[in-house]
1. How many times 2.2 N^0.38 Å is the alpha carbon radius of gyration of region B:311-403?
2. Helix-derived [θ] at 222 nm for chain B: sum -39500 (n - 2.57) over DSSP H runs of at least 4, divide by residue count, nearest 500?
3. Counting only C-alpha contacts under 8 Å and six or more residues apart, can you give the relative contact order of region A:1-148 as a whole percent?
4. Quick one: if the Förster radius is 51 Å, what FRET efficiency do residue A:141 and residue B:178 give, using the C-beta to C-beta distance and rounding to 0.05?
5. Express the relative contact order of region B:366-443 as a whole percentage, based on alpha carbon pairs under 8 Å and six or more residues apart in sequence.
6. May I ask you to derive the relative contact order of chain A, considering only C-alpha pairs under 8 Å and at least 6 residues apart, and to give it as an integer percent?
7. Starting from the Kirkwood radius over alpha-carbon pairs of chain B, derive D by Stokes-Einstein at 25 °C in a medium of 0.890 mPa s and give it in µm² s⁻¹.
8. Using a Förster distance of 56 Å, how high is the FRET efficiency between residue B:211 and residue B:509, based on the Cβ-Cβ distance and rounded to 0.05?
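No lab work stands behind these numbers, since they all come straight from the coordinates. What you see is a predicted model; the values in this text were computed from it and never measured. Note: ideal-geometry Cβ built from the backbone for every residue, glycine included; neighbour counts use all protein chains shown.
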């Protein structure tokens, strides 16, 4: 009993850690897509940010400078996406794919050139990372059954960015549904012509949206390389950008449902890690490959069957052309 | 006439007569030019719109009305010319600038966001605070005052997508008033309205006008110009060709000015010589995702040699009916007899088979279903019949034959320009429609299904198309016509069916139809009971 409760708490604890980048990316995608800009380059921006953050942390030893570098690189790529899609009315998917390829290749090439470790960055000391934050009295309440364990293992002991991710969700909701900017953001994704005739700049609104998207993917990348891990590893995002995109669509472009989807995907991932090598009654040892594939299989199943009718913002993916 | 040569009358001899003495004109345009590449959309356009008047601008599609209004609303910049508002020269480079000088616009396609409430739509772009709620509360107070003042009743918390179009239009008007517009431009405002909604709109416009709002009405409907305007300007081929006081002119003169030649208003239809029923529909039903079926319990027949018109506000199932009959869409219950062949939900007939039954289809949306706009005219002219032996030689197209046939169709239906190689997209709406009609009618169909035969088609071509339809009927074809233009339905039909909410709610004999009754039926003012068979006149 005691054992399985601890197992549950630890699984949930892992869930929080693995869903953090998903949450950042899902909210990032939400801002972008609500404004009408399809963003499949969440993956690439996150990867580039992870590399930038790890590199800067390795060179300067400052986690905060690393964070700034990660965000700056991601925002830069977001602006590139905006330049292609908004200014030059390019195809959103093509631009996104280009950014993903660019990020994947460039991080390896620069990594090898700068650090000579086959694309990996040097291992970071704790001072150059975001380390777990112990809540006050975390050790003291350890004796308290259930609540004490939850407090110590689940709530306390994460790094700063995990907490930021969980605060970003209500903040996103508040911005999208309770501010003037949010109203305009939702409007421009539905009917840019209406926004234009209301005397607002469609381009400027969309640029602000993709920049917010860049900011959040930058946080996600930074989290991966200097908070969750201690260095950059080539292609370390491993498709999480796409999973986050799926989660956002699964949540029908709304913050809290998207957040829920991120947690589901995170949980699957955490369970997959925990179940490796475990004997399941009647089946025996579950093959590692199957466990690892589980989140992706479920993603396909969820997206194919259980999402219902996902109504995207009406003007999504369409460049805004002025016309009569 | 007496003509003291004042400063402006030298430039605008005709417009000057219309403006009253003291107030400066609400809008004065002088020598406005605007070209798109080689196309002169507006050329030396002069117009004076008197403050406090209702001014109509009439012209065919493509005459340059919309371009002119887009210039006034800051969508386009002029190549040259002067814009004055309330006597002061202004440059309008953006909608924002237009709003600032007091111009409001109700666009033909509403600029509304379906998933927003009325209130959110109205304040969009004119929010008074960074946070949403205080701004919404403030706007609510101001809007309630406006609603009371002008008798514009709209539920501010309703979702736009759930409102009927007439009400959506009122939201657009409120939107302009909320931005303190004193000059209101309406672009083809009645295209989507029932006659009753049109009457109501005009009542609102008159009320606004009494409160001092200057109203500019852009339309191609002569009747509306005559009904509501004080003064009218006529545009043709990018130029202003005449300015008149409405009371000093009549519909015939305006039509002639618009088209540039005499237009004959009536068509001699002769009497219907009806034969056997060729198209028979019994108990047709098409289910939807929701609870209410798209089409329900549709029964009617069309005999050889008659035109049956289907009237109704768009979106009441007419499009779906045409799609079912032409084989594009399946159905869930009922039976169709199509030229002797029985079609049921289990034995559907695909569009090719439908064509094989000598049934031709001129679709409602010609750009989506009627042609491929990126194809040349000759390619568009064989769509649906591309497998016919006429156009093929062995496994290949007989291109010279296709071109010759296309030229023959163009000659027969007066399609201009007479270039089979021209891109379909580069032909005007009227000529595209004539080409499609030519393609379908040329095959001597026994049944013709035609949707919106003259949507976006100018007056001259409308008349031609109407003649072709009547001629076809006189040759013994069964014609089923769906149209949102009530005038057209009344003018051409031997019998009229009225659709509402996916059902046929009434049937009227063509000669007995009057606009008011039909309008009430279209709005289903009598409650939705499908017409029993004995209402046949």
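1. On the way: Rg = 15.7 Å, N = 93, 2.2 N^0.38 = 12.3 Å.
Ratio of Rg to 2.2 N^0.38 Å for region B:311-403: 1.27.
2. Per the formula, -9000 deg cm²/dmol.
3. Details: 128 pairs, mean separation 33.1, N = 148.
Over region A:1-148, the number comes to 22 percent.
4. Values: r = 57 Å, r/R0 = 1.12.
According to the calculation, E is roughly 0.35.
5. Values: 82 pairs, mean separation 30.2, N = 78.
Dividing the mean separation by the residue count of region B:366-443 yields 39 percent.
6. Working: 583 pairs, mean separation 109.8, N = 324.
Relative contact order of chain A: 34 percent.
7. Reported coefficient: 97 µm²/s.
8. On the way: r = 44 Å, r/R0 = 0.79.
That gives a FRET efficiency of 0.80.
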